[in-house]
Every structure is written in C-alpha cells, then in structure tokens.
Amino acid sequence: MIKMPDGKLFIGGEWETGTGEEIVSIFPADGSINCSLYGASKDDGLRAIKLAKSAQSQPSWRSLKPHERARYLYAIADGIEANIDRISQIQTRDTGKTLRETAILASSASGTFRYFGALLESSDDLLTAQRNDSLTMSVHEPLGLVTAITPWNSPIASDAQKVAPALAAGNAVLLKPSSWSPLVSLELARIVESAGLPKGIFSVLPGSGHEIGGLLVDHPDISKVTFTGSTKTGRSLAIKAAKKLMPISLELGGKSPVIVFKDSDIDIAIAGVMFGIFSSTGQSCIAGSRLFVQRDIYNEFVERLVKATKKLKVGSPYNLDTQVSTMIHPQHRDSVAAYVDLARNEGANILCGGESPSGAEYKKGAYYLPTIITEVDNSAQICREEVFGPVLVVMPFDDEADVIEQANENEYGLACGIWTNDFPKAWRVGRAINAGTVWVNTYKQFSISTPFGGEKNSGIGREKGRNGIRAFMSQKSLYFDLTGNSHPWAEI
Ligand code: NAD
C-alpha cells in the first residue's frame, strides 16, 4: 500500500501542523484509520489569507502574461498525470470509491488543468466597436483571493474544477476540502508546490466548515467563493455573500429525473439507468434517482431492471470488478438507510436492497445494497429530497406532458436523462425540463469544455467551458482618446 500523506496542512506555501480540530480520515470499507491530522484554525486561516493577499499582489503572479501563467497549469497537469496511481489510491482510501473510478477522476483533473492552461493562452480581450473618438476596450483582471469549498464525494475532480480556472485567472486560491476527505486536496498541494507557484498563491485548509469555512467566506479580503456541496450549506453561504456583495457560485444538490419512453432501446436504457444511479454508490450530485418509465412498458422494464440490479457486484473498492462499493462513512450510510425506512413505513414497495449486505467482508464497512423502490408518489419525501446513496424510486407516466410535469415538480434542477429513439421528442422534452444538463440516450457523461451547473435549488452559476476562467475575473473597460484635443465643454 502507498504511504498516506502525513497530515500536515499547506499554509501559505509551508507545510505545517494545523492548530484546529482533529480530523480522522478513515477507510470506509473497513473503518481503519488512514491518517489523523489537525485541521486549520481561524489563526491558520488568517495567516493563509494574509500570505495569499501579499503573493497575489506581486507582479510575479498578477502580471504574468497568459502564456507564462499557463505554464504553471501545464506543470500541475503533468504532476497529476505522473501521480495518477498515487492520487487514486489516496482518494480510494479516503472516500471508499472504487480504484477504477478514482483513476478516471484523477486523469480528468489533469485534463482540467491542461484545458484551462490552453484556454488562458487562447482567450482574447475585447476591442469594442468604436462609437466616438475613443479607442474602447474591455479587459479582464483577477478578482484577488478566491475561496474554493469542496465536498467529499469526488474531491480531486471538484478541486481541479475550481482551482484550475481560479489560478488561471491570476487569483490566489484558498481551498477548503471536506473533513471526511482531506487527503487528496493535500496531495494536490504537493503537486502545486512542485510546479513552482509563488508561495502563498495556494493554500489547503481542511477543517470545520463552521470555523475555517466561515472565515474563508466572511473575511473582507476574500473576493469570491466557489462552493460545491449541499443546498442547505450553499444557501447559508449565499446569504453571507449577499451581505458582502461578493460573487458566489454554487454547485448544489440534485434529485435528477430519468425518463424512459416506450420507444427507447430497452437494453441500453436499463444499463444507462443503473449506471446513472448506482455508480459511485449513488453518492453523486447528478445521480439519476427518480426514474419515470412509460406505463406501456413499466412492468416489464422494472422487472428486468431489478433482475439486473441484483446482479451488481458489491464489494471492496480495490476489486476491479466491483460496481458498487462502500459509502463514504457509516454515518452517511445510516442517513441513507433512514430514508429507505421512512419510505418503507409509508407503504413503499422495496423491490431489492433496502439493507446493508450480509457477510464477513461487509461487516466493518459502510456498505448499502442498491435499492429500488416503487409504489411511491412523486410528492413523497423520498422522491423530493436528495438521498445521496444507491436508492432509486421508479414511477410510471402516461405521455410527454405528464412526464414533463412530474419531472419538473421538484425543488432541484441539476440534471436529467432521456431515453428514446425519437429525436424530435428528445429535443422537446430536453428543452422543457428544468435542469442544467440533459443527457439523451446516455447519462453521467462529462466534458471539461461543456458548462455544468444547476437551476432552482441545485445552484447558481456554471463551471467548466470557455467562460470558466472569466467567472474568476473582473471586467474593466478602458477608453483611450484619439483626438489629442481638450474637451469643448471646458475649453481652456
Ligand atoms: P456539505 O454542504 O455538508 O459540505 C460541503 C463543504 O462545505 C465541506 O467542505 C464542508 O466542510 C463545508 N461547510 C460546511 N458548513 C460550512 C459553513 N458554514 N461555512 C463554510 N463551509 C462549510 O456537503 P457534503 O455533505 O460534503 O457533500 C454532499 C453534497 O454536495 C450533496 O448535496 C451533493 O449533491 C453536493 N454536490 C454537488 C455537486 C454539484 O456539482 N452540483 C457535486 C458534488 C456534490
């Protein structure tokens, strides 16, 4: 097994023991301890902010030409790529995600830094249409200090999605990962350090959301917060940001509908539905957790779906054939189980799963079986709220209008899947659904060049894509007089 990070924090370019609360990172497949560390205290945070402010204002960072700053992003991308094995092992230990999946996430993080490096080099500022005797232009400048707050489910990917564009924009970044998964972010700090960024430009400060997270939002020197996490936390941060008139972007929860029309290719749809909800053990913001199946094929589809789900391989994240691994933490597994119990008590039909697997290999882990629930109404709590686990509710629908209404009848609006062979119908339904991303005959596909974000309670703002860097910049317009004359209003 690889050596775990030693638990030191990366504060203003130095490795230090934190002076905040103790954090214990566990391997959720068996409860063993990966590493015990001390998170960042308010004092640690204040020092990181001071050093970030000083470093960010130096020409050695702020005034770099785009192609010069891009070199740092490419070096980080190379560093991640050279360490994919180590990063994926750390992330698997920290989160219980399968090694297969964490290797993909690490590789995508490398691609994210490379993409934003290339984008930085190739983005133009604007010479605006001339309407008077001035040369008019609009340029983009760094905001200053950016706080990035990330959740535990895909740390290396969500860290990269925020850190890469924020650094590319010329900011200093203070990254606060979740206390359940601090190790990958600290490993990212090692790579950033090796890439030679000026000291202070990047800090990693795991610790209490309330204490260190609160400071990194409230402090007057923070110019922007980019947050991924629950809607509850996101809303509380948005209120704080509004008080400061500070921009904030929010990638929040979801309860995404997946729609299977009777004209779809059923085998392909079943596999896609299963991947959409049960991969990552359902701990995914975009998990397709509400399935709507057209009534004509409902019984047959559900029967085949349950049969295939029962065959999924549940096991250790280290086994290459594991499809459904442990959850992040026993506490989270219990909260998922409580949702299923609630549905059960309200008369729902649990067609498979609904409990932890039995057997010695699962005993110490936070496992929960892939679960399929029917006989619930779209307004039931299990259909309205994000469970964030391997739990799928299935409901029938009659026609296009019916399913659009049911799919949209939810406070979230993150993603949607549509399975049909009728392209115009996919287009109509896709456009009518309130969601930031719609997949047609596929699900959970990502591309760094394609914007991502939510509607309604799923968030504000978009990450990725060509505007990704601009979201971390402020726009400045300049007018250069072309006449050389004094103004006629005050002729001297
Ligand atoms: P969470 O909201 O509990 O925590 C997220 C982060 O916020 C953590 O780092 C936490 O320490 C920090 N935090 C908590 N309270 C804070 C406060 N008062 N001030 C500042 N920071 C604070 O979420 P979680 O349980 O870690 O993650 C799961 C959630 O994340 C789910 O709702 C999931 O849908 C969402 N998520 C969304 C996306 C997306 O892109 N939309 C992606 C992944 C996860």
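The values are calculated or read from the model by the stated rules, or taken from the named source; none is laboratory data. Here the structure is a predicted model, which means the values were calculated and not measured. Heads up, the Cβs are rebuilt from the backbone with ideal geometry, glycines too, and the neighbour counts pull from every protein chain shown. Ligands, DNA and RNA are excluded from the accessible area calculation, which covers all protein heavy atoms including side chains. Shrake-Rupley method; radii C 1.70, N 1.55, O 1.52, S 1.80 Å.
For the stretch 216-236, name all the residues that are more than 15 Å from the chain's Cα centre (by Cα), in a strand (DSSP E or B) and of a type outside the set (K, R).
Here is the first cut: in the stretch 216-236, the residues more than 15 Å from the chain's Cα centre (by Cα) are 216-224, 232, 235-236.
From what's left, in a strand (DSSP E or B): 222-224.
Within the stretch 216-236, I222, S223 meet the criteria.
For the stretch 289-300, the condition of being basic (K, R), closer than 21 Å to N410 by Cβ and within 16 Å of the ligand (Cβ to nearest atom) holds for at least one residue.
Any residue at all in the stretch 253-268 that is assigned to a helix (DSSP H, G or I) and of a type outside the set (D, E, K, R)? There is at least one residue in the stretch 253-268 that is assigned to a helix (DSSP H, G or I) and of a type outside the set (D, E, K, R).
If you filter the stretch 379-406 down to residues that are of a type outside the set (A, V, I, L, M) and open to solvent by less than 10 Å² (accessible area, probe 1.4 Å), you find that the one that is nearest to the ligand (Cβ to nearest atom) is G389. The set of residues from the stretch 200-246 being more than 8 Å from the ligand (Cβ to nearest atom) and over 22 Å from K50 (Cβ atoms) comprises R235, A238, I239, A242, K243, L245. The one condition from (1) of a type outside the set (D, E, K, R); (2) open to solvent by 10 Å² or more (accessible area, probe 1.4 Å); (3) outside any helix (DSSP H, G or I); (4) assigned by TED's automatic domain parsing to the domain that holds L145 that I239 does not meet is (3). Being of a type in the set (D, E), in the same structural domain as N171 (by TED's automatic domain parsing) and at negative phi is a description that does not apply to E491.
Yes or no: L167 buried (at least 21 other Cβ atoms within 10 Å of the Cβ), within 21 Å of the chain's Cα centre (by Cα) and either farther than 25 Å from L119 by Cβ or within 16 Å of the ligand (Cβ to nearest atom) (or both)? Step through it out loud before you land on a result.
Values: buried (at least 21 other Cβ atoms within 10 Å of the Cβ): yes; within 21 Å of the chain's Cα centre (by Cα): yes; either farther than 25 Å from L119 by Cβ or within 16 Å of the ligand (Cβ to nearest atom) (or both): no.
Considered against the rule, which asks whether it is buried (at least 21 other Cβ atoms within 10 Å of the Cβ), within 21 Å of the chain's Cα centre (by Cα) and either farther than 25 Å from L119 by Cβ or within 16 Å of the ligand (Cβ to nearest atom) (or both), L167 comes out as no.
Summed over the stretch 146-160, the residues that are under 13 Å from the mean Cα position of the chain (by Cα) and more than 19 Å from I90 (Cα to Cα) give a count of 2.
Restrict the check to the stretch 415-428 and report whether at least one residue is open to solvent by 10 Å² or more (accessible area, probe 1.4 Å) and in contact with a Lys or Arg (Cβ under 8 Å, 6 or more places away or on another chain). The answer is no, given that none of the residues of the stretch 415-428 is open to solvent by 10 Å² or more (accessible area, probe 1.4 Å) and in contact with a Lys or Arg (Cβ under 8 Å, 6 or more places away or on another chain). Scanning the stretch 437-472 for residues that are within 12 Å of the ligand (Cβ to nearest atom), farther than 14 Å from F227 by Cβ and of a type in the set (S, T, N, Q) yields a single hit, T437. Candidates are the residues of the stretch 444-492 that are in contact with a His (Cβ under 8 Å, 6 or more places away or on another chain) and basic (K, R); the one that is nearest to S236 (Cα to Cα) is R470. For a quick check of your reading: which strands (runs of 3 or more DSSP E) sit entirely within the stretch 1-46 and have at least 2 residues that are in contact (Cβ under 8 Å) with a residue 24 or more places away in the chain and under 30 Å from Y368 (Cα atoms)? It comes to 22-27, 32-38. Taking each residue of the stretch 251-272 that is open to solvent by 10 Å² or more (accessible area, probe 1.4 Å) and looking for partners that are assigned to a helix (DSSP H, G or I) and within 16 Å of the ligand (Cβ to nearest atom) with beta-carbon atoms closer than 7 Å, six or more apart or interchain, yields L252/T231; L252/G234. Just one of the listed residues (P330, P357, P317, P370) is within 16 Å of the ligand (Cβ to nearest atom) and over 25 Å from N457 (Cβ atoms), and it is P330. Under the condition of being of a type outside the set (D, E, K, R) and in contact with a Lys or Arg (Cβ under 9 Å, 6 or more places away or on another chain), the residues counted in the stretch 315-350 number 11. For the stretch 106-135, a residue qualifies if it is closer than 27 Å to T450 by Cβ, open to solvent by 30 Å² or more (accessible area, probe 1.4 Å) and without any contact (Cβ under 8 Å) to a residue 60 or more places away in the chain, and the qualifying residues are S107, R114, A118, E121, S122, D124, D125, L126. Of the residues making up the stretch 299-309, one or more are open to solvent by 10 Å² or more (accessible area, probe 1.4 Å), at pLDDT 95 or above and closer than 30 Å to D94 by Cα.
So that you can scan it fast, the table gives a plain yes or no per residue for (1) surrounded by fewer than 15 Cβ atoms within 10 Å (Cβ to Cβ); (2) without any contact (Cβ under 8 Å) to a residue 24 or more places away in the chain; (3) among the aliphatic types (A, V, I, L, M); (4) farther than 21 Å from V273 by Cα:
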position	(1), (2), (3), (4)
V314	no, no, yes, no
P317	no, no, no, yes
Q323	no, no, no, no
H332	no, no, no, yes
R344	yes, yes, no, yes
P357	no, no, no, yes
A360	yes, yes, yes, yes
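For the stretch 1-34, give me each residue that is over 22 Å from N83 (Cα atoms) and not aliphatic (A, V, I, L, M). Within the stretch 1-34, G12, E16, T17, G18, T19, G20, E21, E22, P28, D30, G31, S32 meet the criteria.
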